[in-house]
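Written out below as structure tokens is the structure these notes cover.
The values are calculated or read from the model by the stated rules, or taken from the named source; none is laboratory data. In this text, all values refer to a predicted model and were calculated from it rather than measured experimentally. Methodologically, a virtual Cβ is constructed for each residue, glycine included, from the backbone with ideal geometry; neighbour enumeration extends over all protein chains shown. Protein only, heavy atoms only, side chains kept; ligands, DNA and RNA dropped before computing areas. Shrake-Rupley method; radii C 1.70, N 1.55, O 1.52, S 1.80 Å.
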Amino acid sequence: MGYENMAKRVTLAEVAARAQVSPKTVSDVIHNRGRMRPETRERIIASMRELGYHANAAARTLRTGISHTIGLALPNFAQPFNGNFADVLTQYAKTKGYRVIIATYYGLDGGLPALIEETYSIGADGWVFLSDSPIPEHRNFLKQSYPVVLTGDYLAHDAVDTVMFPNLEGAKHATSWLLEHGARHVGFIGAPQQLIGRGEDPTVCADIAAAREGNAPLRFKGYVTAMQESGVAIDPALVGICRRLDREDGEAAAEAIIRSGAPLDALCCANDAVALGAMSALANHHIAIPDDVQVIGFDNTPDARFSSPKLTTINPHIEQYAKLSIDLLIDRIEGAASNAAPNVYTTTFDLIQRETTR
């Protein structure tokens, strides 16, 4: 086919002429920014469709040095939180004129660090990493030639901006709330693996007292702190350790607690998945929720709203979590904070009371 027969690329100016607006207004629609009347936006979109206009991303990248693409690295989608986070982050990035490419590293030999080399072939302007394990301080892989924001409740050791949940504070609040509402035998499901083999009393573990990162250690630390400050003794039989914070482990841990025969009237859970598993075990033993045992989760995932009964949970404001991650990354990408020192940001939280508490 000769060049003379190739279709001519429709320009932004031609779309503007068809829609009877300025080229800047068309650009605002393409990048989902600016304020205009809905009918104007609809007229511009209709004009783009009629003319067959497609934004020339390659040309824009060459001109600005920015592709308006963000990478999101996740372990997997097995945890309900991961999918929810990806959805919220993607939607917010879109409002800022950025698309999101998602890559998972579960199953890669080496985990998240093994994904780093692949990120360069994707060509994103920057990456949000959701880490499922601690970052080595002396072989820190977070410093790359592109901007990085770390999420996932592990410290970046001043290498990059970090966004965390209020893990200790949220779990402490949940435990205190249960104690203030009549519970006296409060258990915890989702205690970290390092408690395995540490003896009968997990609360004396020095690792937990000194914990500064990781959602399971910090959330368990919050539970321990609330119980100690309230002067209520912790029964080791009511502490369930989980290798994975998922439904299966939550159900198994709750089953062990129930079979121990120890008095139990409330459960503070490390996340919503664990809580849903615990609720399954309670139902299997015909233990009424919340009349016999109250249950509180953590994360406020969509599943919490649709469980039966509906799950009371700590809401760590995932929208704020996603917005902070994207805003910090874009500031680095576009130069607004290119020379600023990395910092740690923590979201706010509240407790959403539903049907699993009284």
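Computed quantities for the displayed model
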| item | result |
| --- | --- |
| Tensor-based shape of the stretch 210-358 (alpha-carbon gyration tensor, a/c under 1.5 rounded, otherwise prolate or oblate) | prolate |
| Apportionment of accessible area to carbon and sulfur, the stretch 87-174, percent (1.4 Å) | 47 percent |
| Amide H within-cut-off set for residue 104, under 5 Å, with H built and near neighbours excluded | 74 |
| Accessible carbon and sulfur surface of the stretch 199-331 relative to its total accessible area, %, 1.4 Å | 49 percent |
| J(HN,Hα) series, the stretch 260-274, from Karplus relation 6.51 cos²θ - 1.76 cosθ + 1.60, nearest Hz, glycine and proline x | 5, x, 5, x, 8, 10, 7, 10, 9, 10, 5, 7, 5, 4, 4 |
| 5 angstrom amide H check on residue 346, placed H, neighbours 5+ away | 164 |
| Amide H within-cut-off set for residue 351, under 5 Å, with H built and near neighbours excluded | 315 |
| Of 284, 264, 114, farthest towards positive along the dipole that unit charges on Lys, Arg, Asp, Glu beta carbons give the chain | 114 |
| Residues of the stretch 148-269: accessible area per residue with a 1.4 Å probe, Å² | 40 Å² |
| FRET efficiency, 1/(1 + (r/R0)^6) with R0 35 Å, evaluated for residue 305 and residue 40 via beta carbons | 0.45 |
| Alpha-carbon centroid distance for the pair the stretch 245-266 / the stretch 279-358, whole angstrom | 21 Å |
| Contour excess over end-to-end distance, with Cα ends at residue 12 and residue 122 and 0.36 nm allotted per residue | 36.9 nm |
| Options 73, 175, 228, ranked by Cα towards positive dipole end of the chain, top entry (Cβ charges) | 73 |
| Listed values [x] 27, 46, 22, 5, 0; [y] 27, 50, 23, 0; [z] 29, 58, 14, 0, entry calculated as P(r) over Cα pairs in 20 Å bins from 0, in percent | [x] |
| Probe 1.4 Å - accessible area at residue 165, Å² to nearest ten | 10 Å² |
| Most fluctuating residue given options 342, 302, 316, as computed from a GNM of the chain linking Cα atoms under 10 Å | 302 |
| Area of residue 135 that stays accessible when all protein chains are in place (1.4 Å probe, Å², to 10) | 10 Å² |
| R0 of 45 Å, Cβ-Cβ distance residue 232-residue 158: FRET efficiency to nearest 0.05 | 0.75 |
